[in-house]
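Here the structure is laid out as structure tokens; the discussion comes afterwards.
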Amino acid sequence: MRIFLRKLAFILTFPFRLIFNLLRGIYRFFASAGKRLSNFFSEEPEDTPLPDAFAKTVQNPMGILYHLNALRIHLFRAIGVLAIMVVLAFTFIEPILAFLSRPLPGGLDSLTAIDVTEPLGTVMRVALLAGFSLAFPYIAFEIYLFIAPGISRRSRITGLIGIPIATLFFAGGMLFAYFVMIPVALPFLLTFMGINTIPRPSSYISFVTSLMFWIGVAFEFPLIIYVLASMGLIKARVLKDQWRLAIVIIAVIAAMITPTIDPVSMSLVMGPLILLFFLSIGLAFLAERGRARDAAAKERVPAA
């Protein structure tokens, strides 16, 4: 009778025990995740000078395998998400192609393929670029997770905030190329010297996607300068003193990015890049001030 009652009680209480164990597992998961997150943003790494770190690596070369394995895991996850986003972009390839072809008179119907494999190559190129654009925040997040253990607590917080900002800068550069540069450059290219031009899918899509991608990358320049200034590898005053040389370099880069040789299109590229350069100087000043505050705080801690 006792055995029967025990089994009956076991059966009757099974749903409650299942719910309790499930809730306890969820609580433990979030508690552990919260603890790891708290440690992630509170622990300070060992501040080892670069020569000393290099000497340790030379003395113990096997220690670098841990970092290489961590890099492999982050790259594997980033590539996996990129593949998923490429497949997702491939399912919506027709509206994406129509969107990219909208600046053309006649849109997508005005494109004429010559080679047999030209449409396939064009579709794969667009799917890859669209997939990369969608996966860009996660790829940046994986890069952040790889370098975060070796940077200060303040830099971790700043880096985490910088991921959506970097995404907005990249998207802003691509939108600038699509809505400002391409509508100005296309009429010049299609009517140059009065020659009637029939655009091919491979040449037109390559032109549009390359321009959008590289302008998006160029818009990341202020964030790169901020990171370098935070690490002490570049000084804001140096950037300020060398602004004339920077404008010359920007002009060369604009000439390489601009698909046409007319000064109007080149000016459309140079203008934003020059503004981004001066924005980079301001961000570098902010990074140096933050670095100075961290150094002052570290000096006050032993005295206390």
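Rule-based calculations on the coordinates, nothing more; no lab input. On a predicted model such as this, the values are computed, not experimentally measured, just so you know. Quick reminder, even Gly has a Cβ in these numbers, built from the backbone with ideal geometry, and neighbours come from all protein chains shown.
By the beta-carbon count within 10 Å of each Cβ, the least crowded to most crowded order of Leu275, Leu82, fewest first, is Leu275, Leu82.
Among Val238, Val126, Val86, the order by Cβ neighbours within 10 angstrom, fewest to most, reads Val238, Val86, Val126. Here the scattering of the stretch 78-122 is modelled by Debye summation over its C-alpha atoms, one equal scatterer each and no solvent; at q = 0.31 Å⁻¹ the log10 of I(q)/I(0) is -1.06. Per 5 Å bin, what percent of the C-alpha pairs of the stretch 101-151 does each bin hold, from zero upward? Result, from short to long distances: 4, 16, 13, 17, 13, 9, 8, 7, 6, 4, 2 percent.
Taking 7 Å steps out from each Cα toward its Cβ at Ser110 and Arg28 produces label points 6.4 nm apart.
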